[in-house]
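Chemist: One structure is given below, represented as structure tokens, and several questions about it will come after.
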Amino acid sequence: MTHYIYATSGSAAGFISGRYVHALNGSAIGQLNGSHVHRLDGRYVGELHDDQVVNMHLGNLGNIGNPGNPGNPGSPGNPGNRGNRGCPYQDVFRELL
């Protein structure tokens, strides 16, 4: 089953495959280190919270380095909009793009 990531508005923004974050078209755009989300170049972006990439004001957790290109697993399709869940944190998914 695909683990989708959503914008705080509720629309699907991407998905997780292994320890990588992908756009809905399948291109790799980020990496996971626990709940910490980093760009592919290693720069910290935010936290994975309720299937959203958000700024939880934890500060800058540094750079974990570039893992190389994990490839493109293909598009899993779009699950549609799950609705706004009232997340109190700022959506930062776009910083992965």
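Chemist: Return the only residue of 43, 39, 19 being farther than 22 Å from residue 75 by Cβ and among the charged types (D, E, K, R).
Modeler: 43
Chemist: Moving on to the next point. Could you grab me the full set of residues in segment 51-97 that are of a type in the set (Lys, Arg), open to solvent by 70 Å² or more (accessible area, probe 1.4 Å) and part of a loop (DSSP other than H, G, I, E, B)? Full working, then the answer.
Modeler: Here is the first cut: in segment 51-97, the ones of a type in the set (Lys, Arg) are 82, 85, 94.
Subset that is open to solvent by 70 Å² or more (accessible area, probe 1.4 Å): 85, 94.
Selection gives 85 alone.
Chemist: Turning to a different aspect of this structure: Filter segment 1-23 for residues that are assigned to a loop (DSSP other than H, G, I, E, B) and either polar (S, T, N, Q) or open to solvent by less than 50 Å² (accessible area, probe 1.4 Å) (or both); which is nearest to residue 97 (Cα to Cα)? Steps first, answer last, please.
Modeler: Restricting attention to segment 1-23, the residues satisfying the condition of being assigned to a loop (DSSP other than H, G, I, E, B) are 1-2, 7-11, 18-19.
If we keep only those that are either polar (S, T, N, Q) or open to solvent by less than 50 Å² (accessible area, probe 1.4 Å) (or both) too, we end up with 2, 7-11.
On the way: 2: 20, 7: 13, 8: 16, 9: 17, 10: 18, 11: 16 Å.
Only one residue fits best here, namely 7.
The values are calculated or read from the model by the stated rules, or taken from the named source; none is laboratory data. Worth saying up front: this structure is predicted, and the values here are computed from it rather than measured. Positions of Cβ are generated from backbone atoms using ideal geometry, with glycine treated the same way; all protein chains shown enter the neighbour counts. Ligands, DNA and RNA are excluded from the accessible area calculation, which covers all protein heavy atoms including side chains. Shrake-Rupley method; radii C 1.70, N 1.55, O 1.52, S 1.80 Å.
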